[in-house]
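Visitor: Structure below; questions to follow.
The values are calculated or read from the model by the stated rules, or taken from the named source; none is laboratory data. It should be emphasised that the depicted structure is a prediction, and the values quoted were computed from it without experimental measurement. When we count neighbours, we look across all protein chains shown, and the Cβ atoms used for this are built from the backbone with ideal geometry, even at glycine. Please note that ligands, DNA and RNA were not included when accessible areas were found on the heavy atoms of the full protein model with its side chains. Shrake-Rupley method; radii C 1.70, N 1.55, O 1.52, S 1.80 Å.
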Amino acid sequence: MRTPGAWDRLHNEPELIPNAVEEMLRMASAVAGSWRIAARDCEIGGVAIPAGATIMLRNASANLDPARYPEPEQFQPDRQNARSHIGFGRGIHQCIGNLLARRELAVAIELLVGRFACITLACDEPDLAYAPNVLLRGRASVPVRLELRA
Ligand code: HEM
């Protein structure tokens with residue numbers, strides 16, 4: 001909705017949809033963070049983390065790292081490294097449902113851009129509140145207007 005031309009581009013170039021889904025997951029990481037306990041002493045970004053410390057990984061923040069994703073707040077459906085995001089975590093506990101979630105999103109977007117000519121926000125942007133939750137990041141609601149294709 002915020003990126004001019006993106007809706008039409010996904011309609012005209014549906015082969016971009018899987019990568020666009022990765023870009024959405026990167027930008028709007030639904031699981032914003034997760035708790036970990038440091039298994040050993042280590043240092044991250046100059047910060048010493050002692051073994052046994054409880055830490056929170058902020059997936060959502062890492063996914064907006066400008067050193068990895070130039071212009072991180074921009075939705076670029078053809079971003080080369082979009083799929084390297086950690087919106088599903090990483091390692092042995094990586095989200096077991098990631099392939100299903102990816103597929104569901106791709107199917108939903110393909111159907112939406114096929115059926116509707118455009119989507120616009122039906123409220124003022126500042127009225128879009130986040131549900132209060134330290135781990136999960138999601139809007140309480142997103143009212144939209146959809147215009148059917150002729
Ligand atoms: C966009 C949708 C989803 C997002 C962003 C998401 C994200 C995540 C994240 C970040 C984790 C933690 C990974 C870690 O600790 O490193 C996780 C774990 C998990 N997710 Fe998802 N998830 C999604 C959809 C799903 C679906 C559809 C299913 C099941 C059908 C699912 C099942 C699970 C399970 C079982 C775990 C625990 C895995 C483990 O601890 O070994 N998730 N998910």
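Visitor: Can you give the local net charge around N59? Use residues other than it whose beta-carbon is closer than 12 angstrom to its beta-carbon, Lys and Arg +1, Asp and Glu -1.
Guide: Computed value for this residue: +4.
Visitor: Given H placed 1.01 Å from N in the peptide plane, which residues other than close sequence neighbours of A117 have an amide H under 5 Å from its amide H?
Guide: Residues meeting the amide H criterion: E147, L148, R149.
Visitor: In percent, what relative contact order does segment 13-62 have, based on Cα pairs under 8 Å that are 6 or more apart in sequence?
Guide: Details: 55 pairs, mean separation 18.9, N = 50.
Result for segment 13-62 is 38 percent.
Visitor: Using only Cα atoms, find the angle between the long axis of helix 98-115 and the longest principal axis of the chain, and express it within 0 to 90 degrees, rounded to the nearest 10.
Guide: Computed tilt is about 20 degrees.
Visitor: So, one more: Can you tell me which of N59, N81, N19 moves the most in a GNM of the chain? Springs connect C-alpha atoms under 10 Å apart.
Guide: N81
Visitor: Sticking with this one: To the nearest 10 degrees, how steeply does helix 17-27 sit against the main Cα axis of the chain, on a 0 to 90 scale?
Guide: Result, in degrees: 50.
Visitor: In a GNM of the chain with a 10 Å cut-off on Cα contacts, which of V107, V47, V31 has the highest mean-square fluctuation?
Guide: V47
Visitor: Tell me the accessible surface of W7 in square angstrom (1.4 angstrom probe, heavy atoms of protein chains only), to the nearest ten.
Guide: 60
Visitor: Which net charge results when you count Lys and Arg as +1 and Asp and Glu as -1 among the other residues whose beta-carbon is under 15 Å from that of L121?
Guide: Taking every Cβ under 15 Å from that of L121, the sum is -1.
Visitor: In the neighborhood of S29, defined by Cβ-to-Cβ distances under 10 Å, what is the net charge if each Lys or Arg adds +1 and each Asp or Glu adds -1?
Guide: Values: positive: R26, R58, R137; negative: none.
Net charge in that neighbourhood comes out at +3.
Visitor: Roughly what % of Cα-Cα distances in segment 6-148 sit above 19 Å, to the whole percent?
Guide: When every Cα pair of segment 6-148 is considered, 62 percent fall beyond 19 Å.
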